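Remarks on the structure that follows.
The values are calculated or read from the model by the stated rules, or taken from the named source; none is laboratory data. Just so it is clear, the structure is predicted and the values come from calculations on it, not from any experiment. Don't worry about glycine lacking a Cβ; one is built from the backbone with ideal geometry, like all the others, and counts go over all protein chains shown.
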Amino acid sequence: MLIRLRASRNTKLTPAGDLPIDWDCVQLGSLIDGLDAGTSVTGIDQPAASHEVGVLKVSAISQGKFRPSENKTILSASEINRATVQPKKGSLIISRSNSPELVGDAALVDVDVPNLFLPDKLWQVRTRGAQLVCERWLLQAILDPRVRFEVRNRASGTSQSMKNISKDSLLTIPVALPSLPEQRKIADILTTWDEALAKLDALIDAQERRKKALMQQFLTGKMRFPEFKKRWSRVSLGDVAENVADQNKGRMGTSSLYGVTKTDGMVPMRDHVKGESFHRCKRVETDWFAYNPMRVNIGSIARWRGTETVMVSGDYVVFRCHSGKLLPAYLDHLRKSWMWQSFVTRGGNGSVRVRIYFSDLAEFTFPCPPVDEQRQIAAILDTADQQITLLRTQRAAIDQQKRGLMQRLLTGKVRVKPV
């Protein structure tokens, strides 16, 4: 059906903000008849097979998506009997307990999952009827950044990593309510954007699987370029790289201080976490590596790609590759491999707070190709990374556009009408 967008002019001030005069402002409780929670049951941390029974994790609801593979298998018959609420296809699920960013997240169940049950931290929504509310629109309304902000403000809990929202707190949040036909049209438009995002997610996932396959083949020598015949040697990291402990001693100032994160690599330190003295800070030059020895086993290590010299905390470990033996670009991919992760996990015994210094990391052994072959392998894997980065950039742009459109549609700043 053709639709056209038009700006709304006549508005009224409500608890949900300025709304069109023909819209209502209601509390979520006016649209929701009940919230059915599951039961806390014991399971093992592996997904249930089709012939087994499982209980969803809170991670089954993430960024507006229903992820049924995020579940635990229930083995005990007595525990299975305690599980009571099954997610129904087409129903809306809300997370009542999660991290501050994800508490109140929601998703529609888009598949049949007859062998899965809800935990106590997820609610299944019962609406007040299809004649009043479109569930696809209600999902978008709950995912509206303004409602998500209100949920975070109302959530409680002493833990910084886990917050809870009560039924009363959720159901008294004010939302804008258009007519049912307009709800459906708004849902149709925003669902189209969600489908585009889902397709990009699938492409990203496929490219990431391809990258892992390439790493498995190239980093082990199972796949080689035909021009290279020389046998690989097995070396330890200490044979091809060295620790660097060159202190700053006042040569650089505040703007040059960096930290290392798992997701973003080396990033400028925020002012409120900077220390008063930079004398002990360690220099990091282009293509050197740095990491916090207490966090390397969870992936917090980075290669400095910038052109200027920077510094990191004096408590960090800094090391560099030996020229002619190991290329930084090759090591940058090797450190993301299962071989590296297995080594640092064993070294850390699964703990976040164990210290792994360079003397420990130097014992990591791996098959090492000649430098010219390293360069070609790194180039292939760099290309794979660039393709993934491009897709993620496209996804971020579409997501931002969808958020802007969502804000305008859900507040009536832009109206949808049949032509």
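Residues that are assigned by TED's automatic domain parsing to the domain that holds ILE32, free of Cβ contacts under 8 Å to residues at least 60 places away in the same chain and in contact with a strand residue (DSSP E or B) (Cβ under 8 Å, 6 or more places away or on another chain), at least 2 per element: which strands (runs of 3 or more DSSP E) completely within segment 43-99 meet that?
On the way: elements: 53-56, 71-74, 92-95.
Where strands (runs of 3 or more DSSP E) fall fully within segment 43-99 and carry at least 2 residues being assigned by TED's automatic domain parsing to the domain that holds ILE32, free of Cβ contacts under 8 Å to residues at least 60 places away in the same chain and in contact with a strand residue (DSSP E or B) (Cβ under 8 Å, 6 or more places away or on another chain), they are 71-74, 92-95.
Just one of the numbered conditions (1) in contact with a Leu (Cβ under 7 Å, 6 or more places away or on another chain); (2) modelled with pLDDT of 95 or more is not true of ARG128: (2). Note on segment 237-287: among residues that are in a helix (DSSP H, G or I) and of a type outside the set (Ser, Thr, Tyr), the one that is modelled with the lowest pLDDT is HIS272.
GLY350 fulfils the conditions (1) at pLDDT below 95; (2) within 26 Å of the chain's Cα centre (by Cα); (3) not in a loop (DSSP other than H, G, I, E, B) except for a single criterion, (3). Can you pull out every residue in segment 145-177 that is of a type in the set (Ser, Thr, Tyr), exposed (fewer than 12 other Cβ atoms within 10 Å of the Cβ) and part of a loop (DSSP other than H, G, I, E, B)? Once the filter is applied, which keeps residues that are of a type in the set (Ser, Thr, Tyr), exposed (fewer than 12 other Cβ atoms within 10 Å of the Cβ) and part of a loop (DSSP other than H, G, I, E, B), segment 145-177 yields THR158, SER159, SER161. Does SER323 fit the bill of being assigned to a loop (DSSP other than H, G, I, E, B) and either of a type in the set (S, T, N, Q) or crowded, with 21+ Cβ neighbours inside 10 Å (or both)? For SER323, the condition - assigned to a loop (DSSP other than H, G, I, E, B) and either of a type in the set (S, T, N, Q) or crowded, with 21+ Cβ neighbours inside 10 Å (or both) - is met.
What number of residues in segment 7-40 are within 26 Å of the chain's Cα centre (by Cα) and of a type outside the set (S, T, N, Q)? Don't jump to the end; show me each part of the working.
Step one: filter segment 7-40 for residues within 26 Å of the chain's Cα centre (by Cα), giving 37-38, 40.
Checking the rest, the ones that are also of a type outside the set (S, T, N, Q) come to 37-38.
Residues meeting the conditions: 2.
Return yes or no: is GLU308 outside the structural domain of ALA241 (by TED's automatic domain parsing) and of a type outside the set (A, V, I, L, M)? No: the conditions fail for GLU308.
Identify all residues within segment 229-240 that are free of Cβ contacts under 8 Å to residues at least 24 places away in the same chain and in contact with a Leu (Cβ under 6 Å, 6 or more places away or on another chain); write none if there are none. Of everything in segment 229-240, nothing turns out to be free of Cβ contacts under 8 Å to residues at least 24 places away in the same chain and in contact with a Leu (Cβ under 6 Å, 6 or more places away or on another chain). Is it true that ASP194 is closer than 16 Å to GLN63 by Cα and either buried (at least 17 other Cβ atoms within 10 Å of the Cβ) or free of Cβ contacts under 8 Å to residues at least 40 places away in the same chain (or both)? So ASP194 fits the description; yes.
Screening TRP137 with (1) surrounded by fewer than 18 Cβ atoms within 10 Å (Cβ to Cβ); (2) more than 26 Å from SER69 (Cβ to Cβ); (3) not aliphatic (A, V, I, L, M) gives one miss only, at (1).
Residue-wise test of (1) modelled with pLDDT of 95 or more; (2) crowded, with 19+ Cβ neighbours inside 10 Å.
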{"residue": "GLN341", "(1), (2)": "no, no"}
{"residue": "CYS368", "(1), (2)": "yes, yes"}
{"residue": "GLN386", "(1), (2)": "yes, no"}
{"residue": "ARG415", "(1), (2)": "no, yes"}
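Of the listed requirements (1) charged (D, E, K, R); (2) within 23 Å of the chain's Cα centre (by Cα); (3) within 18 Å of THR286 (Cβ to Cβ); (4) not in a helix (DSSP H, G or I), LYS336 misses just one: (3). Residues that are outside any helix (DSSP H, G or I) and out of contact with any helix residue (DSSP H, G or I) (no Cβ under 8 Å at 6 or more places or on another chain) within segment 178-195 comprise just one, SER179.
Residue by residue through segment 201-228, note down the ones that are charged (D, E, K, R), within 19 Å of ALA379 (Cβ to Cβ) and free of Cβ contacts under 8 Å to residues at least 12 places away in the same chain. LYS212, LYS222, GLU227 - these are the residues of segment 201-228 that are charged (D, E, K, R), within 19 Å of ALA379 (Cβ to Cβ) and free of Cβ contacts under 8 Å to residues at least 12 places away in the same chain. Note on segment 142-189: residues that are more than 28 Å from the chain's Cα centre (by Cα) and under 21 Å from LYS121 (Cβ atoms) total 2. Does segment 118-141 hold any residues that are part of a loop (DSSP other than H, G, I, E, B), in contact with a helix residue (DSSP H, G or I) (Cβ under 9 Å, 6 or more places away or on another chain) and of a type outside the set (A, V, I, L, M), and which are they? Once the filter is applied, which keeps residues that are part of a loop (DSSP other than H, G, I, E, B), in contact with a helix residue (DSSP H, G or I) (Cβ under 9 Å, 6 or more places away or on another chain) and of a type outside the set (A, V, I, L, M), segment 118-141 yields PRO119, LYS121, ARG128, GLN131, CYS134.
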